[in-house]
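Some notes on the structure that comes next.
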Amino acid sequence: MSSPEIASLSWGQMKVKGCSTTYKDCKVWPGGSRTWDWRETGTNHSPGVQPADLEEVVKKGVKTLVIGRGMSEALQVPPSTVDYLKKNGIDVVVLQTEKAVAEYNALAARGVKVGGVFHSTC
């Protein structure tokens, strides 16, 4: 299974190719995507992305995980989260969301088993 292309991104809206849902924040992995609901793990801009936010995508067998920190990079990514990914043998890329989507799509187009979590506002 390949990682789905992110078809569009604008403030507060993301579309994944082959999916009719419009996401505010989303998780993507080879063969799928879904809403990233921060309430599930109690995520906030600070301290930011927690390992619990990424477990689902990690379990899909990704080799690289791209994290989009938001349009203004308000979403934090603590060192403990990066360490969690590295301990699982996963390369991690943390970028402003527009850049993160471009990087994710480039990796997906090359056939990399890439996953992502993206915040589409602040």
Would you check if there is a residue in the stretch 68-90 being at pLDDT 95 or above, touching a Phe, Trp or Tyr at 6+ places or on another chain (Cβ under 8 Å) and closer than 20 Å to Glu56 by Cβ?
yes
For the stretch 1-20, name all the residues that are open to solvent by 60 Å² or more (accessible area, probe 1.4 Å) and not small (Gly, Ala, Ser).
Met1, Glu5, Trp11, Gln13, Lys15, Lys17
For the stretch 65-86, the count of residues that are hydrophobic (A, V, I, L, M, F, W, C) and not in a loop (DSSP other than H, G, I, E, B) equals 5
Test: Arg39 is without any contact (Cβ under 8 Å) to a residue 12 or more places away in the chain and under 22 Å from Lys15 (Cα atoms)
yes
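Tally the residues that are out of contact with any Ser or Thr (no Cβ under 8 Å at 6 or more places or on another chain), among the hydroxyl-bearing types (Ser, Thr, Tyr) and either part of a strand (DSSP E or B) or more than 22 Å from Lys99 (Cβ to Cβ) (or both), restricting the search to the stretch 1-25. Full working, then the answer.
Residues of the stretch 1-25 out of contact with any Ser or Thr (no Cβ under 8 Å at 6 or more places or on another chain): 1-3, 5-8, 17-18, 20, 22.
Now restrict to residues that are among the hydroxyl-bearing types (Ser, Thr, Tyr): 2-3, 8, 20, 22.
Cutting the leftovers down to either part of a strand (DSSP E or B) or more than 22 Å from Lys99 (Cβ to Cβ) (or both) gives us 8, 20, 22.
Summing the residues that are out of contact with any Ser or Thr (no Cβ under 8 Å at 6 or more places or on another chain), among the hydroxyl-bearing types (Ser, Thr, Tyr) and either part of a strand (DSSP E or B) or more than 22 Å from Lys99 (Cβ to Cβ) (or both) in the stretch 1-25 gives 3.
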Answer with yes or no whether Ala74 is farther than 23 Å from Pro4 by Cβ, more than 11 Å from the chain's Cα centre (by Cα) and open to solvent by less than 50 Å² (accessible area, probe 1.4 Å).
yes
Kindly indicate whether Thr41 is farther than 17 Å from Tyr84 by Cβ and surrounded by fewer than 17 Cβ atoms within 10 Å (Cβ to Cβ).
no
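Looking at Val57, Val62, Val28, which one is of a type in the set (A, V, I, L, M), part of a loop (DSSP other than H, G, I, E, B) and open to solvent by less than 20 Å² (accessible area, probe 1.4 Å)?
Of Val57, Val62, Val28, the one residue that is of a type in the set (A, V, I, L, M), part of a loop (DSSP other than H, G, I, E, B) and open to solvent by less than 20 Å² (accessible area, probe 1.4 Å) is Val62.
Scan the stretch 22-45 residue by residue and report those that are closer than 26 Å to Met1 by Cα and among the polar types (S, T, N, Q).
Taking the stretch 22-45 first, the residues closer than 26 Å to Met1 by Cα are 22-37.
The answer is Thr22, Ser33, Thr35.
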Just checking, which of Trp36, Trp29 is in contact with a Cys (Cβ under 6 Å, 6 or more places away or on another chain) and closer than 11 Å to Val117 by Cβ?
Trp36
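Okay, residues lined up against (1) surrounded by fewer than 19 Cβ atoms within 10 Å (Cβ to Cβ); (2) closer than 15 Å to Val16 by Cβ; (3) not polar (S, T, N, Q):
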site: Val66; (1), (2), (3): no, yes, yes
site: Pro78; (1), (2), (3): yes, no, yes
site: Leu85; (1), (2), (3): no, no, yes
site: Val93; (1), (2), (3): yes, no, yes
site: Ala108; (1), (2), (3): no, yes, yes
Pairs returned, first residue in the stretch 3-26 that is at pLDDT 95 or above, second residue that is acidic (Asp, Glu), beta-carbon separation under 6 angstrom, 6 or more apart or interchain, are Lys17/Glu5
Output the number of the condition that Glu98 fails; it satisfies all remaining conditions of (1) open to solvent by 30 Å² or more (accessible area, probe 1.4 Å); (2) in a strand (DSSP E or B).
(2)
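The values are calculated or read from the model by the stated rules, or taken from the named source; none is laboratory data. Predicted model only: the values in this text are computed from it and were never measured. Glycine also receives a Cβ, built like all others from the backbone with ideal geometry; neighbour counts cover every protein chain displayed. Note: areas computed on protein heavy atoms with side chains; ligands, DNA, RNA excluded. Shrake-Rupley method; radii C 1.70, N 1.55, O 1.52, S 1.80 Å.
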